[in-house]
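See structure below.
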């Protein structure tokens with residue numbers, strides 16, 4: 001059990017062989033012990049990209065991979081900044097490594113796909129913070145600086161920006177890693193080049209002018225990855241089906257039928273858990289939940305007597321997904337109603353039941369947010385300028401605009 005964990009005293013610092021960066025070293029005994037903790041080991045069983053493997057078969061990497069990769073890049077960033085005379089104390093260095101290592105520890109099964117399905121109206125950042133604060137008590141306050149950085153409260157802004165900004169170690173890793181595992185070459189970025197050009201001016205992270213084209217490539221790659229991978233229409237419909245499977249199961253299954261679920265999944269199926277309910281017992285139960293619990297339940301629900309639950313489960317397991325169409329304008333309501341009527345008549349369903357198979361939604365993509373923390377370019381004359389203004393790429397300003405697309409999903413046998 002998680003609450004029986006005892007602090008290890010091993011002085012053996014392991015290395016990991018990563019397909020992206022080669023050997024990743026563990027920088028300290030504290031980081032070693034955090035990685036060894038059951039809370040963190042759970043990330044081996046959490047898919048980094050949800051159900052994207054239904055589109056890109058290689059996308060089976062985990063949050064564990066990503067966390068280690070982000071920490072590796074953070075080590076490179078600390079080395080570069082110190083070489084350039086930026087003061088980073090040993091305590092701050094340790095805080096950076098722990099903050100980036102644990103930044104995604106609050107993800108539930110299939111990562112973003114089920115962010116609000118297991119726990120109501122609570123995002124993974126909040127759950128990550130609960131994990132960090134619990135681990136901080138376990139490790140006698142060793143994560144105080146990491147938590148301060150993670151919460152955005154540290155007195156040095158650039159430390160926060162290294163963990164969470166529009167050019168942080170999180171993004172630098174997941175773009176390169178997800179590009180590698182999906183095989184989408186357009187998403188590949190030169191993370192080492194970008195890190196080597198980082199600097200700090202007036203306490204804030206900046207990029208030296210020589211790396212302007214690398215920053216442009218990073219932003220364009222991010223746009224490509226969102227349209228081609230993260231917001232791929234097949235991935236969208238798969239994630240929506242997964243959300244609807246859990247919703248339907250919660251709606252119709254009684255206590256006896258829920259016995260087929262694992263104990264942690266059964267707990268969240270039977271109880272509506274919101275942010276204020278997240279105590280130590282709930283956290284420990286959440287820590288036992290991963291992709292395996294969900295897949296195991298879906299395999300069982302495929303044989304359920306309920307038409308909706310069994311068919312949704314079958315669709316996911318055998319990739320017999322709904323048809324999805326993307327549009328540049330909102331879906332015509334008459335078309336939506338036509339599909340609903342057709343599904344109702346074909347399968348003798350109620351309006352509510354048909355809504356599980358016919359639904360609409362929208363997706364947004366903005367590669368660079370000029371209203372958020374800027375990516376500032378440090379020019380040779382010492383002036384700072386926003387990358388969108390510094391770039392000679394005519395389309396870089398356009399990348400700061402939000403593009404919205406609309407989708408409709410319905411059974412393939414509908415006209």
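In vacuo Debye scattering of the stretch 242-320, one point per C-alpha: log10 I(q)/I(0) at q = 0.14, 0.15, 0.17, 0.26 Å⁻¹?
-0.46, -0.52, -0.66, -1.30
What do you get for the angle between helix 307-317 and the principal long axis of the chain? Use alpha-carbon atoms, 0 to 90 degrees, nearest ten.
It works out to around 40 degrees.
Describe numerically, in nm with one decimal, the distance between label points set 7 Å from Cα along Cα→Cβ at residue 281 and at residue 116.
So the two model labels end up 2.8 nm from each other.
Can you give me the angle between helix 124-138 and the longest principal axis of the chain, using Cα atoms only, in degrees from 0 to 90, rounded to the nearest 10?
Rounded to the nearest ten degrees, it is 60.
Using only helices, what value at 222 nm comes out for the chain when you add -39,500 (n - 2.57) per DSSP H run of length 4 or more and divide by the total residues, to the nearest 500 deg cm²/dmol?
-13500 deg cm²/dmol
Given N residues in the stretch 287-415, what is Rg(Cα) / (2.2 N^0.38 Å)?
1.62
For the chain, take the longest principal axis of its alpha carbons; what is the angle in degrees between that and the long axis of helix 169-182, to the nearest 10 within 0 to 90?
Helix 169-182 and the main axis of the chain meet at about 50 degrees.
Here, each number is a calculation from the coordinates, and none is a lab measurement. Nothing here was measured: the structure is a model prediction, and the numbers come from that model. We place every Cβ from the backbone using ideal geometry, glycine too, and count neighbours over all the protein chains shown.
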